[in-house]
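Written out below as structure tokens is the structure these notes cover.
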């Protein structure tokens, strides 16, 4: 999907609206975090070239910030049907095929997200137990795991909701972008 989120992907039920808003806030936080990482990189590169003094550990901080930003973006992408969607192959498919593929893709994504969340818990515990630190600035690596695990847990909830939403669409015989197609045709 190259167009961006459509209004028809926005949920109308109370649970969906709440998940949508939390996802939106997380995505904004992720965007701010990425902007901060870009600023950090700019300052470090400028310092390196102008004063021969870069920010120590800039690459470590950028890696940490970017990783957290990615986790912050995933629920928003899922709520707006930006994950697990292949428009090219499904554009001419019947409604039931589209919704069925959404359900199947969502279930696979749910399983993967649950496995990743589960394993991240143990990875974070290992980093904590072994007091693992980054190489340059000795940043305790385990500290990034709790927010990442929380965001992955939230992603699991969002995926479960979107799978439920796709099942409802399959039962009703409708697909989320049917109104967009009619509205975007010439003459409308």
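Taken together, the values in this text are just the output of simple stated rules run on the coordinates, not laboratory data. Here the structure is a predicted model, which means the values were calculated and not measured. Quick reminder, even Gly has a Cβ in these numbers, built from the backbone with ideal geometry, and neighbours come from all protein chains shown.
Brief remarks follow.
- Sorted by Cβ density within 10 Å, fewest first, the residues 66, 117, 42: 42, 66, 117
- Estimated inter-spin distance, residue 43 and residue 131, nm [label 7 Å along Cα→Cβ]: 3.0
- Taking every alpha-carbon pair under 8 Å whose residues sit at least 6 apart, segment 12-177 reaches a relative contact order of 27 percent.
- Panel order for 122, 139, by other beta carbons found within 10 Å of each beta carbon, from fewest to most: 122, 139.
- Coordinate range along principal axes, alpha carbons of segment 17-160, Å, largest first: 62, 38, 28
- Panel order for 58, 13, 102, by other beta carbons found within 10 Å of each beta carbon, from fewest to most: 13, 58, 102.
- Once the chain from residue 115 to residue 91 is taken as fully extended at 0.36 nm per residue, the excess over their C-alpha distance is 5.6 nm.
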